[in-house]
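To start, the structure itself, in structure tokens.
The values are calculated or read from the model by the stated rules, or taken from the named source; none is laboratory data. Being a predicted model, the structure only gives us computed values, none of them experimental. In this analysis, Cβ positions are derived from the backbone assuming ideal geometry, glycine residues included, and neighbour counts consider all displayed protein chains. Accessible surface is based on the protein model in full, side chains and every heavy atom, while ligands, DNA and RNA are left aside. Shrake-Rupley method; radii C 1.70, N 1.55, O 1.52, S 1.80 Å.
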Amino acid sequence: MTTKEHNDVMYQYNYYFRHMNPNQSTPYSYQPYHFNNEYYTNTTQNGLIDHNDLYFRQHILTFVLIHGSWADPTFWNGIAGELRKMGHIVHTPQLPGHGTDKNKNVTHAMITQSVVEYITTQNLKNIILVGHSFGGSVIQKVAEQVPDRIKRLVFWNAFILKDGESMADQFPPQGQQFILGLAQQSPDHSIKLPFSYFREVFVNLADLQTAQQIYNTTTPEPSAPLTEKLDLKAFYQLTIPRSFINLLEDTAIPAGETYGWYPHMASRLGIFRFIQGHGDHMTTAKLQPRKVAHLIVNAGRD
Amino acid sequence: MTTKEHNDVMYQYNYYFRHMNPNQSTPYSYQPYHFNNEYYTNTTQNGLIDHNDLYFRQHILTFVLIHGSWADPTFWNGIAGELRKMGHIVHTPQLPGHGTDKNKNVTHAMITQSVVEYITTQNLKNIILVGHSFGGSVIQKVAEQVPDRIKRLVFWNAFILKDGESMADQFPPQGQQFILGLAQQSPDHSIKLPFSYFREVFVNLADLQTAQQIYNTTTPEPSAPLTEKLDLKAFYQLTIPRSFINLLEDTAIPAGETYGWYPHMASRLGIFRFIQGHGDHMTTAKLQPRKVAHLIVNAGRD
Amino acid sequence: MTTKEHNDVMYQYNYYFRHMNPNQSTPYSYQPYHFNNEYYTNTTQNGLIDHNDLYFRQHILTFVLIHGSWADPTFWNGIAGELRKMGHIVHTPQLPGHGTDKNKNVTHAMITQSVVEYITTQNLKNIILVGHSFGGSVIQKVAEQVPDRIKRLVFWNAFILKDGESMADQFPPQGQQFILGLAQQSPDHSIKLPFSYFREVFVNLADLQTAQQIYNTTTPEPSAPLTEKLDLKAFYQLTIPRSFINLLEDTAIPAGETYGWYPHMASRLGIFRFIQGHGDHMTTAKLQPRKVAHLIVNAGRD
């Protein structure tokens, strides 16, 4: 055995030892796909192990990822793949009126109900329930119905409505008029964003080609759920831990004194864990899925 | 031919093919200086090509860069060089009362007029008009006069005045008093910033030596254009696309509840594309010109 | 001598020459531990030397680092080590009622007095006085007493109180009630934060294991200094230069319209140097001490 071979074996041995998971009956030694990936190699600048990396392997989380308006489960493709590579369990249900569902005649309650049924039918427990954008208001309502199944709520540049508010109440004045005007022009009151608007405020960091690719994945958004006033009294009685992820260049809701993702809507969560990075509303999910997956794990872990 | 040689040739062949520029009669294969530079090598973390890089080569933009107060066209040297390396056309006109122009007896209208004449004399069209700092108010007024020549307005930590406002109206209270006080002490009412002030708020990220080097490039600023109330009714009727670039450590105008670059002044643009990075008011242009050039391209591209 | 050996010698020679310190009787050639470290290798993207690095060696600074609530001098261990590697002199006094001092019956004035005595007993001059968190209010009061010994004040996500305010006045409403409630439950009115709260808002970026390690270093915080109204009239007459360091994910005091580290409290400094980076309230000091040390040098240097 050469020195190198010896070292490789010792490294592998130490590896097993170091990655034994005290909280699991099956330690990581039984999960060979965890080896040979990039998560093992990071160390901090002063040479210490960044416990984040161990963490990724020692704590399997169950994520339920709720997409936003104009989106569908394919929005999560890259991110879900990265989360699964880390060993996590990931669900990405499709909301009624979105994606392949052509019926735009849906209410916010129907959307909430579909997620509740998804969770209860599959008997999911201890979940990290993540809402992006419009999905924030959905996880607020889902949490009211199945609080005992939820370990933590994660809002990613997401709507957090006060009791009695609608999504549209949180649009800035010019956006409210513009978006609701589009709904009135459409026979089924669904909203198709013009590319010129989408490109500027949803995918501001993308090049034109990527912007068009992302735009081509969107479908018209049912307008009723955006304008319904939601009863959220029960939500504000919940004590489920909650996190807020803010991407600093997300201007789908622009920053302003009386509106905006952060701190305006985030502050409604009371005590919450704050996670932040660079990115915009829809480009970063596509081009930097691993980066977003890390933020989601940082938001969702114990 | 070995496998490696074969792969190299195929790579090169594909390279030419991929980088053909549909908008030019001479595709990139005729521009050998484009090869062997760093813009070809970036890929995203998931192995896909970052279309940004192709974009840099496929879409030649014409930039007109308008410097701010205390500055002159040399402010753009590094950035303009990087933009030209990417293949773009770059103009950096000198504003009256600045740089080599010793006559400080200028008005905001004279400054605007000089830029309008620069653009019309050279018959520039389809331009990306970029204003830094004070230059923001200049491109607001230029846009009123030659809207059809402008493809997009880019405000980089720049003044965006409401109709009837002056620059000084957007200084925070303590700054207003301080800066206008300096004007009164000077025979020609020009303003020479003391180094101690400049160093803290214009080049906060610089080391002392760099701070001094940048300070030595400044010239006294004519005060009249800072205090003139501008008629901007026509500007607020324009529909030219617009972007805002925010450097997060820029405190030339500090952040506050009723003043500041972003979101306070930026929000006046209505729907705009938001681009952001780390940097201060004048150091980043000098020490990280390529980074700023990328932000400007991201702000200016289609 | 081979070419390489020749180059190495010439490099070393130039090295000595370039790093002679004009302000010291013993130039760097006498400090061999300065060689072979990472500070020599950085260059900016355009190939120029980043003067920051030379600066780190040419200007020895004397830092007095004042820790915050629930912390003690060990909070600074990593950061102080990095600053010393750069050649700086670092003091990290322990505040009364903190760390190994079990007597929680202390006042804000006693804490201030201990720092003043530390500085005067050791006859420290020309110091960069850094306050983190609660330490901000301490350096405000220390500066009133020994202004001539202080070269610059550096507030790092630190309390900057107005005349007549207490720390508690700057807590957001829900935090105020929660934290002061904890004080009432404790026999000596000290405050032990529950881990669940600490983990979410003080070490939001940490993994669970690191969060627990940091939590285990904390001791109960005396509550009297948090609720005393401070007379700060003299502070607001001082003209000592000042800097503010903001870590963007620090939510120990969450961002809000009427509270928060930046810009709310920072803006009380008037003209100040703004330094910013990514990080939270207590994790970054431990896992990325070199990064924080750089921010502190950037805030403290001339």
Please state which of the following conditions residue A:296 fails to meet, knowing it meets all the rest: (1) of a type outside the set (Lys, Arg); (2) at the interface with another protein chain (Cβ under 9 Å from one of its Cβ atoms); (3) under 30 Å from residue C:173 (Cα atoms). (2)
Are any of the residues in segment A:225-238 touching a Pro at 6+ places or on another chain (Cβ under 7 Å) and within 12 Å of chain C (Cβ to nearest Cβ)? no
Every pair of residues 6+ apart whose Cβ atoms lie under 6 Å, when the first sits in segment A:58-86 and is under 12 Å from residue A:132 (Cα atoms) while the second is among the charged types (D, E, K, R): A:69/A:221; A:70/A:221
For the list (1) open to solvent by 10 Å² or more (accessible area, probe 1.4 Å); (2) farther than 18 Å from residue C:67 by Cβ, I need the number of the one condition that residue C:124 fails. (2)
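Among the residues of segment C:238-262, which ones are touching a strand residue (DSSP E or B) at 6+ places or on another chain (Cβ under 7 Å) and farther than 13 Å from residue C:143 by Cα?
C:243, C:244, C:245, C:246, C:247, C:248, C:249, C:251, C:261, C:262
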Would you confirm whether any residue within segment A:46-55 is open to solvent by less than 30 Å² (accessible area, probe 1.4 Å), farther than 22 Å from residue A:158 by Cα, modelled with pLDDT of 55 or more and not polar (S, T, N, Q)? no
Hey, does segment A:86-107 have a residue that's part of a helix (DSSP H, G or I) and surrounded by fewer than 24 Cβ atoms within 10 Å (Cβ to Cβ)? no
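Tell me, which helices (runs of 4 or more DSSP H) wholly within segment B:110-204 include 1 or more residues that are more than 21 Å from the chain's Cα centre (by Cα)?
B:173-185, B:195-201
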Within segment B:134-147, count every residue that is open to solvent by 10 Å² or more (accessible area, probe 1.4 Å) and within 22 Å of residue B:226 (Cβ to Cβ). 3
Only one of (1) more than 13 Å from every other protein chain (Cβ to nearest Cβ); (2) farther than 19 Å from residue A:72 by Cα; (3) open to solvent by less than 20 Å² (accessible area, probe 1.4 Å) does not apply to residue A:167, and that is (2)
Every pair of residues 6+ apart whose Cβ atoms lie under 6 Å, when the first sits in segment C:191-213 and is more than 10 Å from chain A (Cβ to nearest Cβ) while the second is among the acidic types (Asp, Glu): C:191/C:221
For segment A:246-281: of the residues being of a type in the set (Val, Ile, Thr) and closer than 15 Å to residue A:134 by Cα, which is nearest to the other protein chains (Cβ to nearest Cβ)? A:251
Positions within segment C:215-237 being charged (D, E, K, R), out of contact with any strand residue (DSSP E or B) (no Cβ under 9 Å at 6 or more places or on another chain) and within 18 Å of residue C:104 (Cα to Cα), in sequence order: C:228
